[in-house]
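Notes follow the structure.
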Amino acid sequence: VGLLRNIGKLATCRPEGGQGDIHLLRDAAVAWRDGTIAWVGAERDLPPEYRVEAPIDAGGALVVPGLVDCHTHLAFGGWRADEFEQRILGASYLEIATAGGGIASTVAKTRAATDGELLARCRMHLAGMRGLGVTTVECKSGYGLDIDTELRLLRLYRRLGEEGPTRVVATLLGAHVVPPEYRDRREEYVDLVIGEMIPRTAREALAAFCDVFVEESAFTLDEARRILRSGQAAGLGAKLHADQLSSGGGAELAAELGAASADHLERISDGGIAAMAGAGTVAVSLPLASLYLCQPPLPARRLIEAGVPVAVATDFNPGSAPSWHLPLALTLACTLQRMTPAEALKGATIIAARAIGLEREVGSVEPGKRADFAILDAPDPNQWLYHFRPNACRLTVLGGTPSRESADA
Ligand code: NIG
Ligand code: FE
């Protein structure tokens, strides 16, 4: 049995209510058994069986559910700082990609990297994220783009999940772009994704989701529909990179397929918003990518007003979002996307968990959920996301155990 007590404000982030309803409890305590939350309430009501010898003391601070980063491209070789400079000097993301840079250059470096190198980097990133309060991370493949490397990346994610303590959910993004060696025979590449990558991923249970980058420079709507339908038939939930650089009907397709999420959506159309509202698909906003690529922000207010749940994630990758700082993404969601701190927090907890199919296991502080928490050095969510600091997280707890990284990250 474990206990977290002396919580000034506990944002339970239970799913019911609207985007901004984070269901705050004052002067609260949380008790767990075998890593699973058993009791949540006002500390004065704590049942005697949970009065343990050495509880964790939150010091009157704000406690939130362990944060969920529901969209990352965690494993990749190299970085692309040269392109950062080129974009500042005026080159566009697409021009750089057409000239052989962009995703293709990371693919070459990822294929050349050893498992050991990739694992070491992923472990470092996950440790840094834990230090910020992030306890669950979705990880996409997509920098292999051949069968061996795609499966290799997914197996690395499985291993990271087994190692813990961060909870890892893997997504097959074999359809990130058409790799250079298939440039003149893209149909063959789509057939490879459908005919081999998806079946082998499903057979080895290496991923929960299949994702496609729908964009002029990547895959068409029809290709995405074929790939995601075959993924669904194999048991992989659907996700899309949609309407990022151009408005291409990706949100509408996500709704048509009953996708778990449609991500990016900077350029979502009115029809796309209406379609998503009826479908229960989560809109995943990625404000770091919008910021780095100077895209207009996702229209969060219109989505929320239409009843679409909006998650916030980092999109951590070496091109469009070279940072895994989820709290920074949350502050940007407030300023650029005009989400309130409470709305942003719900978007990085229970709504993010829903985007990766884990809403029954993580994302809120309720009995039955994993005992994952972030203890933040702030009195409330407004102060937390307004007074941005490198790290306001004082302690991260995963499955009832405090994380080693918390003190020094
Ligand atoms: O989510 N949009 C496509 N994929 C990534 C960028 C990948 C890259 O530039 O390496 C994204 O923004
Ligand atoms: Fe992405």
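The values are calculated or read from the model by the stated rules, or taken from the named source; none is laboratory data. What you see is a predicted model; the values in this text were computed from it and never measured. All Cβ positions, glycine included, derive from the backbone under ideal geometry; neighbour counts span all protein chains shown. Accessible surface is based on the protein model in full, side chains and every heavy atom, while ligands, DNA and RNA are left aside. Shrake-Rupley method; radii C 1.70, N 1.55, O 1.52, S 1.80 Å.
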Exercise for the section: Only loop residues by DSSP count here, and only those with at most 14 other Cβ atoms within 10 Å; note down the trypsin sites (Lys or Arg not before Pro) in region 355-409 that meet that. Expected result: R360
Practice task
Skip the ligands, DNA and RNA, and give the accessible area per residue of region 344-385 with a 1.4 Å probe, whole Å².
Solution key: 29
Practice task
For region 31-123, list log₁₀ I(q)/I(0) at each q in 0.25, 0.26 Å⁻¹, using the Debye formula over Cα point scatterers of equal strength and ignoring solvent, two decimals each.
Solution key: -1.29, -1.32
Practice task
Using 0.36 nm per residue of separation minus the Cα-Cα distance, give me the extension gain between Y182 and E361 in nm, one decimal.
Solution key: 60.4 nm
Practice task
Enumerate the calculated ³J(HN,Hα) couplings along region 343-350 in order (Karplus 6.51 cos²θ - 1.76 cosθ + 1.60, θ = phi - 60°), each rounded to whole Hz, writing x wherever the residue is Gly or Pro.
Solution key: 5, 5, 4, 5, x, 10, 10, 5
Completion exercise
A correct Karplus calculation of ³J(HN,Hα) over region 181-190, with 6.51 cos²θ - 1.76 cosθ + 1.60, θ = phi - 60°, whole Hz and x for Gly and Pro, returns 5, 10, 3, 9, 9, 4, 4, 5, 5, 4
Exercise for the section: Counting only chymotrypsin sites (Phe, Trp or Tyr not before Pro) that are in a DSSP loop and have at most 16 other C-beta atoms within 10 Å, tell me the longest site-free stretch of the chain. Expected result: 80-387
Practice task
Grab the eigenvalues of the alpha-carbon gyration tensor for region 289-409, scale each by 5, take roots, and send me the semi-axes largest first in whole angstrom.
Solution key: 23, 18, 14
Fill in the blank from the handout: Karplus ³J(HN,Hα) for region 52-61 (6.51 cos²θ - 1.76 cosθ + 1.60, θ = phi - 60°; Hz, whole; x = Gly/Pro) runs 8, 4, 10, x, 7, 9, 7, x, x, 7
Handout entry: Those trypsin sites (Lys or Arg not before Pro) in region 13-121 that DSSP places in a loop and that have at most 16 other beta carbons within 10 Å
Key = R51
Handout entry: Sequence-separation-based contact order of region 60-164, relative, with Cα cut under 8 Å and 6+ spacing, percent
Key = 42
Completion exercise
Looking only at aspartates and glutamates whose Cα falls under 13 Å of K369's and that sit 8 or more positions away or on another chain, we get D34, E359, E361
Handout entry: Length released on extending from D148 to D377, taking residue separation times 0.36 nm less the Cα-Cα span
Key = 78.0 nm
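Return one quarter of the surface area of the convex hull spanned by the alpha-carbon atoms of region 99-211, equal to its mean projected area, in nm².
7.2
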Problem - Size descriptor, Kirkwood hydrodynamic radius, that averages inverse alpha-carbon separations across the chain, Å - result: 21.2
Exercise for the section: Could you tell me which GluC sites (Glu not before Pro) in region 39-140 are loop residues by DSSP with no more than 13 other beta carbons within 10 angstrom of their beta carbon? Expected result: E53
Exercise for the section: Please report the relative contact order for the chain, taking Cα pairs under 8 Å with a sequence separation of at least 6, and give it as a percent rounded to a whole number. Expected result: 21
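When the accessible area of the chain is split by element with a 1.4 Å probe, what percent falls to carbon and sulfur?
Carbon with sulfur: 51 percent of the solvent-accessible area.
Taking only protein heavy atoms into account and a 1.4 Å probe, give the accessible area per residue of region 103-144 in Å².
26
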Handout entry: Potential lengthening between R338 and E163 on full extension [0.36 nm per residue; Cα-Cα distance subtracted]
Key = 59.2 nm
Fill in the blank from the handout: Expressed in nanometres to one decimal, the distance between label points 7 Å along Cα→Cβ at R121 and E53 is 4.5
